[in-house]
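J.: What follows is a single structure, and I will ask about it in a moment.
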Amino acid sequence: MIKAGIVGATGYAGAELVRLLTAHPEAEIAAVSSVSFEGQKLSDIYPAYVFLNDMICENQDAVVEKSDVIFAALPHGLSQELAAQCLSAGKAFIDLGADFRLESEEEYTEWYGGTFLDKELHAQSVYGLPEFFRDKIKGKRLIANPGCYTTCSPLAIAPAISKGLISTKGIICDCKSGVTGAGRKPTQGSHFPELNEGFHAYKVASHRHTPEIEQTLSKLSGEDVTITFVPHLLPVNRGILATVYADIKDGVSFEDIRRAYEDYYKDEFFIRLLPDGKCADIHNVRYSNFCDISLHHDKRAGKLVACAAIDNMVKGAAGQAVQNMNIIFGLDEKTGLVIMPPAF
């Protein structure tokens, strides 16, 4: 059994890791930590876990000592020293935060206000979006686990941009997120009276996930890609819906695009390419590691409209982290993640 530890186990992503790993047939949770709730039982913080996981929140060092793989569900800026500690101890480290996602230190400084504390350590990290970078993840010990927007948007457009079927100019990523993406700590923006019966954009064309999406799309296309990214906050708990708009190149038919998607994702269990006429819906991926994709042709404007839906706490966070763990340790990457979404 793989011994898994979770640092930051009482935040939403950490709690979701607890839910998934508790049911994993090849892994067991060895230790969990929480600065805010050290010494308390997980089931006291999340009563849904009573009798299923009553572990006591320990300190960070205990998690590293007891585990083969450490998941860090921490805010940006808090993972670099922990990653160095884990790798020095011969442990695998999967970071659900942003510290290792950007390859450019200059961009990391611009968007997050930090620096790379150990450039050699950053050079060892691998961006953990399995559908694109699976071969690079295998056998590695330091994984930068992508977040929700940065998973959903590239998955929506990858086959078209990698095959050169759409222009890399003028791509628009119009995304909607459930409020769990804002984290567990209450804010005015996530307060029920502020959120309920409302719907608004935020951080328009200035969200820090922008360079991460561009980094992935640039790798897939072989060109420098600049996007317009506009996130919105939905008054729901879970889900990301990314609607991506791109210009179809001259001479390319919608049938060409459809075939490219079918070929690109034909062996990807967690990608469900929907039939023509269907629309991706966050309702149909809740609590699962699936990404549903629907394709639409705006013939009048000559545009591809690609919609992708994921559960932001699973495929957009904890589920993808478990998928990466499975790859690192040589397991079938579906292990522990074949969860049917509820029908209603």
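Derivation of every value follows stated rules applied to the coordinates shown; laboratory data play no part. Model, not experiment: these values are computed from the prediction. A quick note on method: Cβ atoms are made from the backbone with ideal geometry, for glycine too, and the neighbour counts reach across all protein chains shown.
J.: Of all residues being among the charged types (D, E, K, R) and surrounded by 13 or more Cβ atoms within 10 Å (Cβ to Cβ) in the range 115-131, which is farthest from E333 (Cα to Cα)? Just the residue, please.
T.: Per the criteria, the residue is D118.
J.: Turning to a different aspect of this structure: Could you run through the range 233-258 and say how many residues are more than 18 Å from A317 (Cα to Cα), in a strand (DSSP E or B) and touching a Leu at 6+ places or on another chain (Cβ under 9 Å)?
T.: Residues that pass the stated criteria total 5.
J.: Tell me, yes or no, whether the range 29-50 has at least one residue that is touching a residue at least 60 places away in the same chain (Cβ under 8 Å) and part of a loop (DSSP other than H, G, I, E, B).
T.: The answer is no; no qualifying residue exists.
J.: Out of (1) in contact with a His (Cβ under 9 Å, 6 or more places away or on another chain); (2) crowded, with 19+ Cβ neighbours inside 10 Å, what's the single condition that is false for Y112?
T.: Y112 satisfies all of (1) in contact with a His (Cβ under 9 Å, 6 or more places away or on another chain); (2) crowded, with 19+ Cβ neighbours inside 10 Å except (2).
J.: Name the residue that is surrounded by the fewest Cβ atoms within 10 Å (Cβ to Cβ), counting only residues in the range 84-106 that are more than 19 Å from T150 (Cβ to Cβ) and of a type in the set (A, V, I, L, M).
T.: Out of the qualifying residues, it is A89.
J.: Could you check the range 202-231 and list, in sequence order, the residues that are touching a residue at least 60 places away in the same chain (Cβ under 8 Å) and in a helix (DSSP H, G or I)?
T.: Result: T210, P211, E212, I213, Q215, T216, L217, K219, L220, S221.
J.: In contact with a strand residue (DSSP E or B) (Cβ under 9 Å, 6 or more places away or on another chain) and part of a strand (DSSP E or B): is that true of L295 in this structure?
T.: Against the criterion (in contact with a strand residue (DSSP E or B) (Cβ under 9 Å, 6 or more places away or on another chain) and part of a strand (DSSP E or B)), L295 qualifies.
J.: Another question, if that's okay. Sort through K266, K249 and tell me the only one that's among the basic types (K, R), surrounded by fewer than 21 Cβ atoms within 10 Å (Cβ to Cβ) and touching a residue at least 12 places away in the same chain (Cβ under 8 Å).
T.: Result of the check over K266, K249: K249.
J.: Please count how many residues of the range 46-79 are surrounded by fewer than 18 Cβ atoms within 10 Å (Cβ to Cβ) and β-branched (V, I, T).
T.: Residues in the range 46-79 being surrounded by fewer than 18 Cβ atoms within 10 Å (Cβ to Cβ) and β-branched (V, I, T): 2 in total.
J.: Looking for whichever is under 20 Å from I2 (Cβ atoms) and in contact with a strand residue (DSSP E or B) (Cβ under 7 Å, 6 or more places away or on another chain) here; the options are A31, A15, A89. Which one fits?
T.: From the options A31, A15, A89, the qualifying one is A31.
J.: Would you mention how many residues in the range 283-300 are over 15 Å from the mean Cα position of the chain (by Cα) and either surrounded by 21 or more Cβ atoms within 10 Å (Cβ to Cβ) or acidic (D, E) (or both)?
T.: Number satisfying all stated conditions: 4.
J.: Another question, then. Considering only residues that are among the small types (G, A, S) and assigned to a strand (DSSP E or B), look in the range 160-201 and name the one that is surrounded by the most Cβ atoms within 10 Å (Cβ to Cβ).
T.: So, considering only residues that are among the small types (G, A, S) and assigned to a strand (DSSP E or B), the one surrounded by the most Cβ atoms within 10 Å (Cβ to Cβ) is S177.
J.: Inspect all residues belonging to the range 51-69 and state whether any of them is under 22 Å from I327 (Cβ atoms), touching a strand residue (DSSP E or B) at 6+ places or on another chain (Cβ under 7 Å) and assigned to a loop (DSSP other than H, G, I, E, B).
T.: Yes, the range 51-69 contains a residue that is under 22 Å from I327 (Cβ atoms), touching a strand residue (DSSP E or B) at 6+ places or on another chain (Cβ under 7 Å) and assigned to a loop (DSSP other than H, G, I, E, B).
J.: Of the residues T180, T187, which single one is polar (S, T, N, Q), free of Cβ contacts under 8 Å to residues at least 60 places away in the same chain and over 22 Å from S294 (Cβ atoms)?
T.: From the options T180, T187, the qualifying one is T187.
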